[in-house]
Amino acid sequence: MPDHTDRTDRTDRSSGLSRRSVTGLAATTALTALFGAATTGTAGAATTRRTTTSRTDHRRAATAAASPAASGAPSVIRLGPRTLDVSLPSAALGRNAPVRLILPSSFDARPARTYPVLYLLHGAHDDHTSWTRETDIEAFTAGRELIVAMPDAGPTGIPTAWRGGPDYETFQVGEVPALLARDYRASGVRVVAGVSTGGYGAMAHAARHPGTFAAAASYSGILDTTAPGVPTLMDAIVARENLAALSLWGHPILDLLTWRNFNPRSRAAGLRGTALYVSSGSGVAGGMGDWLPEALESLLWPSAHAFTDTLALLRVPVTTHFYAGGGHSWAYWKREFTASWPMLAGALGVPA
């Protein structure tokens, strides 16, 4: 794999602005994008009905820590020959939570075979259906010998252990793999990729659980949660879902140790030995004038660079694609998934 030192700052030069300038330019507009009306291609707009339901589920889970966990067998809805929606009873969440699965084409014909798993994580204000809704992942994986798992991350799409609330990290890293090993013949080979807050999750999971994932990829992810402007963005994501202030990790200064504990940049040493791919755009600087998603992308640009700079200091290899312009949208994330696929396929042990 190319070492991080192969990356240059050519994109910074082509955009004509420093990272600090990009952050300042975007800071006041990115949050407007977050709170504004749903815009096609931003962090994954879901329907009003889904968002309302998810908010209710999240608040219920946040008060369920002392309550009996959801119990019983998973229920399954078959959506197609290979695609299933599984409702998984989760002790970590205190409720049943959905996971969308795409099974290998040979799954029924080869009952003794085990399969590696590609985990795909959704972004903020979206859900476990986003990858099948926004991409051709079903067709793309046809004939490839792997399972695709797309677990729920709640209404904010931040797959972490919330302060005194639901534990989406345990759900995604512990409970879903256990389900797949037990019921769907999953092997121990796993890779993870995600968009936006799901990109955060991909790197946070891999860093906080070294060796669990053979590879991790982030597309426009939040990779340094304590970078300037990013705590405000995280708080805004929480606020947009009408969830309690400070319910994520507490106050970013008073509870700084907690914020660092869940920060991919602070936990970057745990990524040694994991194949890595990071992509991000400069957004407004060098963009095409689609200012809402471009402003949000700009806000995350310095965070991604801080993360990969830390990997360089630690001599942890990473493949990067930092590009001029670009928006916080699926138009770019689909392209980046395709670019990262050879790395992910290699880690999975399947043909690219």
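Annotations for the structure displayed:
- Cα gyration tensor shape of the stretch 69-134, rounded if a/c is under 1.5, else prolate or oblate by comparing a/b with b/c: oblate
- Local electrostatic count at THR83 - Lys and Arg +1, Asp and Glu -1, tallied over other residues with Cβ under 9 Å: +1
- For ALA206, net neighbour charge (Lys/Arg +1, Asp/Glu -1) across residues whose Cβ lies under 10 Å away: +3
- Cα gyration tensor shape for the stretch 282-352, rounded if a/c is under 1.5, else prolate or oblate: oblate
- DSSP-assigned coil residues among trypsin sites (Lys or Arg not before Pro) in the stretch 158-221, each with at most 15 further Cβ atoms within 10 Å: ARG163
- Three-way shape call for the stretch 243-304 based on the alpha-carbon gyration tensor, with the a/c threshold at 1.5: oblate
- Charge context of PHE262, other residues only, Cβ under 15 angstrom, K/R +1, D/E -1: 0
- Rounded accessible area of THR132 (nearest 10 Å², 1.4 Å probe): 20
The values are calculated or read from the model by the stated rules, or taken from the named source; none is laboratory data. Computed from a predicted model, the values in this text were never measured in an experiment. Glycine gets a Cβ as well: all are built from the backbone with ideal geometry, and neighbour counts include every protein chain shown. These area figures cover heavy atoms from the full protein model, side chains too; ligands, DNA and RNA do not enter into them. Shrake-Rupley method; radii C 1.70, N 1.55, O 1.52, S 1.80 Å.
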